[in-house]
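Have a look at the structure below, then the notes.
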Number of protein chains: 2
Amino acid sequence: MGHTDPVTTTGPKGRRGRPPRGSATLSRERVVEAALALVDEEGLDQISMRKIAQRLRVDPMSLYNHVADKDDVLDGIAEALLAGIPAPPADGSPRERMEAVARGFRTAMLAHPKAAPTVLTRQLASPAGLAPLAAAVAPLLDAGCPPREAVHALRAALGFLVGSLLREVNAGPSFGTDPAAGGQRRRTLESAELPSLTAIAPHLAVCDHEAEFEYGLDLVLTAVERKLPG
Amino acid sequence: MGHTDPVTTTGPKGRRGRPPRGSATLSRERVVEAALALVDEEGLDQISMRKIAQRLRVDPMSLYNHVADKDDVLDGIAEALLAGIPAPPADGSPRERMEAVARGFRTAMLAHPKAAPTVLTRQLASPAGLAPLAAAVAPLLDAGCPPREAVHALRAALGFLVGSLLREVNAGPSFGTDPAAGGQRRRTLESAELPSLTAIAPHLAVCDHEAEFEYGLDLVLTAVERKLPG
DNA sequence: ACCTGAACACCGTTCAAGT
DNA sequence: ACCTGAACACCGTTCAAGT
């Protein structure tokens with residue numbers, strides 16, 4: 001529905017063989033781009049090779065000339081999101097530089113909340129993920145942190161980032177963010193025989209994701225900062 | 001392969017109608033149990049309603065008398081894992097009690113590493129998840145932490161737990177844990193033009209998950225502890 | 001070199017029919 | 001009340017055939 005197509009499409013469905021001159025040629029990039037658009041609209045579980053092909057006005061099997069399989073498409077989506085993380089400024093305190101990477105990471109994920117789990121739940125060994133990783137450790141090394149310790153701190157911080165963002169993107173727009181919404185959930189919380197839960201139920205029912213992220217980021221980065229020499 | 005079946009099975013495939021007296025009757029619990037066993041053996045993505053039914057020696061459609069749909073089965077698996085978290089001792093310092101919950105959570109996930117993502121990636125609003133949540137906040141409240149702050153701290157710590165465990169269970173048994181294995185990955189790391197990465201590459205290539213978890217847990221809980229009054 | 005379509009081996013789930 | 005099987009509308013992917 002309502003997908004604005006560029007003028008460049010392959011011809012009517014009867015076609016066969018090479019595309020006519022002037023039509024956009026297929027490529028891994030274009031496949032991933034179409035897949036990401038589809039995920040943004042319909043969600044990760046709604047994606048299929050056949051739907052991606054349909055959106056590109058191409059036979060489903062044509063995709064396999066440019067990607068290995070569906071998993072490769074998901075890898076491509078993850079890379080695309082990671083590429084959206086801005087390079088942080090190289091000046092500023094270690095703390096400020098680490099904050100910049102973390103916030104850039106969050107912003108990049110929130111730009112495609114439905115696609116974000118591809119990044120957050122898979123092994124990010126791709127080159128696209130290495131740049132932000134490097135940007136995150138650099139401040140620690142510059143501050144004199146020994147490499148071994150820097151990796152520990154990096155992994156702890158990354159754990160927090162991944163877990164927090166996964167919660168945020170999974171929550172969906174209609175839960176946690178709206179103070180009036182938590183009714184049913186609140187009831188669930190209070191019905192249990194857990195006194196410590198009933199005490200915090202009102203606060204659990206709402207969640208300002210931005211504020212929550214900043215609270216946790218401050219907590220973690222303060223702890224990391226304290227590990228630095230000097 | 002090699003699945004040890006109890007004596008209680010429904011008859012040969014020709015059957016129809018109610019099961020014969022003496023055969024184990026189907027139930028939500030038994031469906032979830034079979035599904036979990038299947039996930040443990042073959043992985044989350046290999047699960048299907050049809051395979052679960054096959055393992056129970058039952059028509060695939062019979063499952064729908066006890067679960068709403070496939071997603072409901074996954075919810076059941078998540079609940080089962082959460083139920084495996086031991087109730088922590090009520091005595092000890094706040095710090096010790098929080099550590100106990102965190103380690104119990106990790107142990108429960110590692111008991112079913114292939115199923116753990118069901119817990120880690122979905123909204124855990126089920127009653128089974130509330131008990132550990134209550135056990136985790138209780139020490140904070142007991143220490144005089146105001147409820148609002150306790151929820152912030154809880155969410156930050158939970159973010160770390162989820163992100164860390166997701167990395168651990170996704171890593172698989174053959175990566176990170178073995179010092180000799182990281183060869184190819186190491187080469188990927190060093191080939192990039194990122195000096196800060198080459199500096200830490202040897203440490204990134206290996207990962208003792210247990211030690212990493214304890215490092216991060218100490219980092220986070222120390223930070224949380226510092227927020228407590230007194 | 002790239003695109004195509006038929007075909008294969010699967011899916012989740014609805015529904016009417018059994019007992 | 002519960003189990004069954006046929007049927008529907010999908011999947012991802014292989015392969016031989018086209019241009």
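The values are calculated or read from the model by the stated rules, or taken from the named source; none is laboratory data. Because the structure is predicted, anything quoted here is derived from the model rather than measured. In this analysis, Cβ positions are derived from the backbone assuming ideal geometry, glycine residues included, and neighbour counts consider all displayed protein chains.
Observations on the structure shown:
- Within the stretch A:36-81, being under 21 Å from B:Arg122 (Cα atoms), among the small types (Gly, Ala, Ser) and touching a Ser or Thr at 6+ places or on another chain (Cβ under 8 Å) holds for one residue alone: A:Ala78.
- For B:Leu154, the requirement of being within 11 Å of chain A (Cβ to nearest Cβ) and within 19 Å of B:Glu214 (Cα to Cα) is met.
- Qualifying residue in the stretch B:39-56 (condition: within 9 Å of DNA strand D (Cβ to nearest atom), part of a loop (DSSP other than H, G, I, E, B) and at pLDDT 95 or above): yes
- Taking the numbered list (1) away from chain A (no Cβ under 12 Å); (2) touching a residue at least 24 places away in the same chain (Cβ under 8 Å); (3) surrounded by fewer than 23 Cβ atoms within 10 Å (Cβ to Cβ) in turn, B:Gly92 passes all entries but (2).
- Scanning the stretch A:132-143 for residues that are touching a residue at least 40 places away in the same chain (Cβ under 8 Å) and facing chain B (nearest Cβ under 7 Å) turns up just one, A:Ala138.
- Checking the stated criteria, A:Gly22 turns out not to satisfy the condition of being more than 12 Å from DNA strand D (Cβ to nearest atom), at pLDDT below 50 and touching a Pro at 6+ places or on another chain (Cβ under 7 Å).
- Within the stretch B:33-88, the only residue that satisfies the criterion of being without any contact (Cβ under 8 Å) to a residue 40 or more places away in the chain, more than 9 Å from DNA strand C (Cβ to nearest atom) and within 14 Å of chain A (Cβ to nearest Cβ) is B:Asp45.
- Only one entry of B:Ser164, B:Ser126, B:Ser196, B:Ser174 meets the criterion of being modelled with pLDDT of 95 or more and polar (S, T, N, Q), and that entry is B:Ser164.
- Residue match in the stretch B:73-89 (condition: within 16 Å of DNA strand D (Cβ to nearest atom) and on the phi < 0 side of the Ramachandran plot): yes
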